[in-house]
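The values are calculated or read from the model by the stated rules, or taken from the named source; none is laboratory data. Bear in mind that the values here come from a model prediction, so they are computed numbers and not experimental data. Virtual Cβ from ideal backbone geometry, glycine too; neighbours counted across all protein chains shown. Note: areas computed on protein heavy atoms with side chains; ligands, DNA, RNA excluded. Shrake-Rupley method; radii C 1.70, N 1.55, O 1.52, S 1.80 Å.
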Amino acid sequence: MTNANRNDIRNLSRRRFLQGGAGLTLGFCLPAAAAAPAAGPGKAGEGLAVPGAFTPNAFVRIGTDDTVTVISKHLEMGQGTYTGLATLLAEELDADWKTVAVEGAPADAARYNNLFWGPAQGTGGSTAMANSWEQMRKAGAAARAMLVAAAARRWGVPAAEITVRAGWVSHPASKRNARFGQLAADAAKEAVPAEVTLKDPREFRLIGRRAPRRDSAAKTDGTAMFTLDVRLPGMLVAVVAHPPRFGAKPKSFDAGRARSVKGVVDVVQIPQGVAVLARDTWSAKKGRDALSVTWDEQGAFRRGSEEILAGYRELAKKPGLVAGQAGDADGAFAKAAKLVSATYDFPYLAHAAMEPMNCVVRLAPEGLEVWNGEQMHTGDQHALAGLFGLKPEQVTIHTMYAGGSFGRRASKDADYVLEAAQIVKAIGGKAPVKMVWLREDDMRGGYYRPLFHHALEAALDAEGKLVGWRHRLVGQSILAGSPFESAMVKDGIDVVSVEGAANLPYSIPNLRVELHTPKDVGVPVLWWRSVGSSHTAYSTETFLDEVAAAMGRDPVALRLELLSGHPRHAAVLRVAAEKADWGRPLATAKAGDRRGRGVAVHESFNSFVAEVAEVTVGRDGGIRVDRVVCAVDCGTAINPDNIRSQVEGAVGFALSAALHQAITLTEGRVDQGNFDGFPLLRMGEMPKVEVHILPSEAPPTGIGEPAVPPLAPAVANAISAATGKRLRRMPFDLSSLKA
Amino acid sequence: MIELDINGVRRRLDVEPDTPLLWALRDTLQLTGTKYGCGQALCGACTVHVDGTPVRACSVPVSSVVGRRIATIEAADRGRIGRAVQDAWRRLDVVQCGYCQSGQIMSAIALLARIRKPTDADIDGAMAGNLCRCATYQRIRAAIHEAARALG
Ligand code: FES
Ligand code: FES
């Protein structure tokens with residue numbers, strides 16, 4: 001294939017994109033050398049930089065060795081996106097799954113934008129499969145059509161007589177066959193089809209079946225490359241001394257002792273702190289330990305988390321901005337025969353991804369090169385370009401595997417990426433830099449799930465019917481000051497502060513949801529797996545349980561009655577209840593133990609999840625979650641095994657928070673620094689998780705987050721069933737459960 | 001200069017004696033399969049074998065492992081147990097982000113070397129020091145049982 005041909009295809013693709021085609025950009029290219037580069041993360045733009053070799057096109061590349069390389073515009077951070085996106089494309093391509101590899105896309109919003117986010121590229125809100133559902137299948141179907149056209153031309157037979165299956169193109173009538181690789185060169189010369197027809201779902205061979213993860217091998221033999229594993233020639237490792245309080249800055253520093261540490265090369269001040277650069281991580285850490293910094297704390301935030309909470313409790317006594325209402329809530333409460341009320345406290349939470357935040361940056365004459373578990377390509381690219389006065393396209397981002405994120409890497413202000421770049425800038429770009437946050441930097445670095453306080457009230461009428469619901473929330477806005485603010489903060493209401501509360505699915509005739517958004521709290525906050533639903537599901541679903549108890553109703557029966565207008569909620573609730581033998585007595589516990597079953601149902605990211613938890617509470621108040629039965633409706637199940645895996649993980653993640661986790665502040669300083677103060681769930685605490693996926697032909701929706709919200713309320717409701725005690729503060733105070 | 005026996009090969013390293021084995025492996029020898037998670041022996045991401053016993057490489061200075069046999073994830077497939085464990089992990093698609101999994105696998109191999117048919121309680125005990133933020137514990141447990149079955 002000539003360069004001219006290749007450019008034609010690329011330009012054609014770009015044109016089609018601009019015309020509003022659903023991203024039908026693809027192409028075939030031949031390697032100049034026979035060997036295909038191993039796919040995997042961190043390959044961004046490499047083909048483009050090597051003329052005559054591979055030219056990565058938007059979503060797929062087929063090598064003469066039959067390797068089908070799928071380009072993923074979304075980050076693989078554990079949620080299975082690489083496998084999911086490849087499944088969609090390979091399905092319509094009729095590829096052989098064993099030959100499919102996946103590669104992270106470079107930052108290029110023109111080709112790789114999140115179709116739900118307009119012109120921005122990024123991963124979040126459980127949108128990867130949903131926004132790519134048609135795009136990736138069409139890319140696969142178009143590639144298949146070009147292979148078929150090439151075979152038809154080569155064999156002189158009508159395209160309609162050609163079949164494709166598992167990486168083979170065949171003309172059964174003349175018994176001719178060719179592998180994808182043998183047709184790649186010719187297929188590249190075929191026109192990109194204007195229209196493609198997608199398969200009838202009944203013909204699916206990969207979607208809805210088990211397509212093993214594409215990253216399992218590399219993640220079990222140590223070869224998977226995370227950002228922390230990147231090493232460039234001449235690279236220095238930077239460890240940064242950060243201020244002890246949010247809003248403080250370095251005033252002066254004495255680097256004498258730090259510079260005398262063997263391996264330390266340089267010590268530089270950056271806006272966020274003081275960076276020690278060394279030949280290796282350990283020397284950089286020792287250098288930082290030897291550094292003494294004086295901080296300018298004029299703008300520092302000095303309150304503790306208990307003070308913040310006390311302020312929120314006061315605020316909750318006053319009316320807030322109305323985030324949702326129906327009927328006449330105050331009228332209903334004025335006439336109520338019975339009232340139920342409760343308040344709830346939620347702490348700050350760290351994401352604590354297993355790979356602490358880190359980033360590699362190199363300044364070259366052509367521009368900036370960055371290696372990162374990149375979740376916000378466009379935002380980070382623009383921020384980095386701004387720092388160096390470059391054009392965004394001069395910033396190349398290599399997307400590495402991410403050792404978890406849970407929202408942390410979807411930075412709204414490029415925080416840690418920019419910090420790495422600031423260090424490179426401070427040394428005049430003289431060496432590539434890997435900035436490493438040690439665990440303590442990561443945990444004390446802010447961008448937490450915001451601390452929230454909720455107050456709920458319910459009104460029952462004389463017949464004992466639920467006629468009124470008032471819910472007041474107090475907490476910092478995540479979206480304020482973010483690029484999404486204009487789109488997602490409406491009339492002062494940050495939609496993610498009230499999601500799951502303002503859109504309560506239960507038919508209650510009179511309802512009002514109000515929000516207070518304090519602006520004087522200087523703790524940086526960010527989305528944390530399931531965002532607003534991480535607290536709203538807890539308060540609404542445990543409070544509804546209290547209301548059911550006050551009404552003398554069964555929690556499942558009451559929910560089903562109130563969900564008459566929400567069939568998908570009701571369906572998952574029914575399945576979870578049935579599979580968990582709801583209503584049948586639990587097996588008896590050993591003497592002194594108390595057992596209970598609890599339920600919760602919640603919609604988030606357009607997926608519906610119900611969970612039933614079975615819990616044993618010991619005499620000492622210690623609890624064990626024995627079993628969690630989950631029912632999930634996330635539309636078409638692209639990869640059922642990955643859905644199960646995400647739900648299992650979400651249960652463990654949510655249980656970690658419910659049982660163990662809080663980030664607290666004392667006079668503005670974060671109290672926790674490592675996993676001793678911020679424990680994660682351990683093997684022995686993991687419940688047995690059962691996942692039931694509801695059959696659906698609806699388009700796929702998210703699954704990375706939606707199983708998190710129902711877990712904690714289901715467990716709390718089970719504890720309450722066992723002990724009669726209501727837990728209204730997270731993490732749970734188990735001492736209150738002593739027999 | 002410090003001489004270490006790593007995956008059966010003698011390696012000479014120019015590092016300070018107090019350097020944790022973890023950073024010598026990762027930064028000096030580019031054996032990056034062993035991960036950093038906490039630096040305080042709290043998470044298990046850095047688990048390697050020293051004379052067959054699982055240890056947290058972040059909390060062991062290189063000076064203390066001179067003359068001992070050190071094995072990392074990069075050599076996990078050299079033994080029958082290691083291969084059975086990796087196989088089971090892949091068959092069950094245990095991994096999510098994957099960052100903790102080198103450490104999980106090294107702990108699982110050491111467990112199966114000690115106890116051929118571990119019970120759930122054995123697994124809870126042996127794996128208690130290996131945290132997984134993605135909470136892949138259910139599949140880790142299943143994969144250990146599966147590997148034990150495959151080993152017969
Ligand atoms: S890094 Fe060694 S135990 Fe966490
Ligand atoms: S797989 Fe992500 S931390 Fe274990």
Seminar exercise, completed: For A:Phe484, A:Phe116, the accessible-area ranking with a 1.4 Å probe, largest leading, is A:Phe116, A:Phe484
Exercise. For labels at A:Leu390 and A:Lys175 in the simple 7 Å Cα→Cβ model, what's the distance in nm?
Worked result: 5.8 nm
Problem set entry | Kirkwood Rh, Cα atoms: Rg over Rh of region A:73-215 | 0.99
For this session: Starting from the exponent 0.38 and prefactor 2.2 Å, build the expected Rg for region B:2-74 from its residue count and divide its actual Cα Rg by it.
Result: 0.95
For this session: Estimate for me the total accessible surface buried between chains A and B (protein heavy atoms, probe 1.4 Å, no ligands or nucleic acids), in Å² to the nearest 100.
Result: 4600 Å²
For this session: Just the number, please: percent antiparallel of the DSSP beta bridges in chain A, rounded to the nearest 5.
Result: 75 percent
Seminar exercise, completed: Expected output for region A:182-221, residues with a loss of 40 Å² or more in accessible area relative to the chain alone at probe 1.4 Å, reads A:Arg210, A:Arg213, A:Ser216, A:Lys219, A:Thr220, A:Asp221
For this session: For an R0 of 30 angstrom, estimate the FRET efficiency from the Cβ-Cβ distance between A:Asp289 and B:Arg68 and round to the nearest 0.05.
Result: 0.65
Seminar exercise, completed: Taking chain B and counting helices only, DSSP H stretches of n ≥ 4 at -39,500 (n - 2.57) each over all residues, the nearest-500 ellipticity at 222 nm comes to -10000 deg cm²/dmol
For this session: Give the dimensionless ratio obtained when the Cα radius of gyration of chain A is divided by 2.2 N^0.38 Å.
Result: 1.02
Exercise. Roughly how many nanometres apart are two label points built 7 Å out from the Cα toward the Cβ at A:Arg165 and B:Arg80?
Worked result: 4.0 nm
Exercise. What relative contact order, as a whole-number percentage, does chain A give when Cα pairs under 8 Å and 6 or more residues apart are counted?
Worked result: 13 percent
Problem set entry | Percent antiparallel among DSSP beta bridges (both partners in region A:456-605, rounded to 5) | 50 percent
For this session: Identify the trypsin sites (Lys or Arg not before Pro) of region A:101-185 meeting these criteria: DSSP loop state and at most 15 other C-beta atoms within 10 Å of the C-beta.
Result: A:Lys175
Exercise. Of all accessible surface on the protein assembly as shown at a 1.4 Å probe, what whole percent is carbon and sulfur?
Worked result: 52 percent
Exercise. Between the helical axis of A:128-155 and the dominant principal axis of chain A, each derived from Cα atoms, what acute angle in degrees is found, rounded to the nearest 10?
Worked result: 20 degrees
Exercise. Can you give the average number of partner chain beta-carbon atoms within 10 Å of each beta-carbon in peptide A:394-406, as a whole number?
Worked result: 2
For this session: Set the Förster radius R0 to 25 Å, insert the Cβ-Cβ distance between A:Glu195 and A:Ala698 as r into 1/(1 + (r/R0)^6), and round the FRET efficiency to 0.05.
Result: 0.55
For this session: For helix A:3-18, report the angle its Cα long axis makes with the longest principal axis of the Cα atoms of chain A; keep it between 0 and 90° and round to the nearest 10°.
Result: 30 degrees
Seminar exercise, completed: Output ordering of A:426-433, A:75-82 (per-residue mean of other Cβ within 10 Å, highest first) is A:75-82, A:426-433
For this session: Ignore the peptide's own chain and count Cβ atoms of other chains within 10 Å of each Cβ in A:260-267; give me the average, rounded.
Result: 1
Exercise. In region A:652-710, what GluC sites (Glu not before Pro) fall in a loop by DSSP, with at most 13 other Cβ atoms inside 10 Å?
Worked result: A:Glu667, A:Glu697
Seminar exercise, completed: Cβ-Cβ cut-off under 10 Å around A:Asp266, Lys and Arg +1, Asp and Glu -1: the net charge is +2
For this session: Using protein chains only (no ligands, no nucleic acids) and a 1.4 Å probe, work out which residues of region B:125-150 have their accessible area cut by at least 10 Å² relative to the chain alone.
Result: B:Met127, B:Ala128, B:Leu131, B:Arg133, B:Cys134, B:Ala135, B:Tyr137, B:Gln138, B:Arg139, B:Arg141
Exercise. What accessible area per residue, rounded to a whole number of Å², is obtained for region B:2-74 using a probe radius of 1.4 Å?
Worked result: 37 Å²
Exercise. Which pairs in the list A:Lys73/A:Lys199; A:Lys98/A:Lys434; A:Lys73/A:Lys391; A:Lys249/A:Lys425 are over 29 Å apart, alpha-carbon to alpha-carbon?
Worked result: A:Lys98/A:Lys434
Exercise. Cα to Cα, under 23 Å, and not fewer than 8 places away if on the same chain: which lysines meet these conditions relative to B:Lys117?
Worked result: A:Lys688
Exercise. Under the definition of partner shielding as Cβ atoms of other protein chains within 10 Å of a residue Cβ, what is the mean value for peptide A:353-360?
Worked result: 5
For this session: Kindly work out what percent of the DSSP beta bridges joining two residues of region B:2-74 are antiparallel, to the nearest 5.
Result: 85 percent
Problem set entry | Per-residue [θ]222 nm for chain A (sum of -39500 (n - 2.57) over DSSP H runs n ≥ 4, rounded to 500) | -8500 deg cm²/dmol
Seminar exercise, completed: If every Lys and Arg gets +1 and every Asp and Glu gets -1 at its Cβ, then about the Cα centre region B:2-74 yields a dipole, in debye to the nearest 20, of 180 debye
For this session: Report the FRET efficiency, 1/(1 + (r/R0)^6), for A:Arg259 and A:Glu314, where r is their Cβ-Cβ distance and R0 is 60 Å, rounded to 0.05.
Result: 0.75
For this session: Compute the acute angle (0 to 90°) between the alpha-carbon long axis of helix A:533-551 and the principal axis of greatest extent of the alpha-carbon atoms of chain A; round to the nearest 10°.
Result: 40 degrees
Problem set entry | Per residue value of the accessible surface for chain A (all protein chains in place, 1.4 Å probe), Å² | 36 Å²
Seminar exercise, completed: Counting only DSSP loop positions in region B:47-124, the trypsin sites (Lys or Arg not before Pro) whose Cβ has at most 14 other Cβ atoms within 10 Å are B:Arg116
Problem set entry | Buried on assembly, region A:659-681 (at least 40 Å² less accessible surface than by itself, 1.4 Å probe) | A:Asn674, A:Phe675, A:Leu680
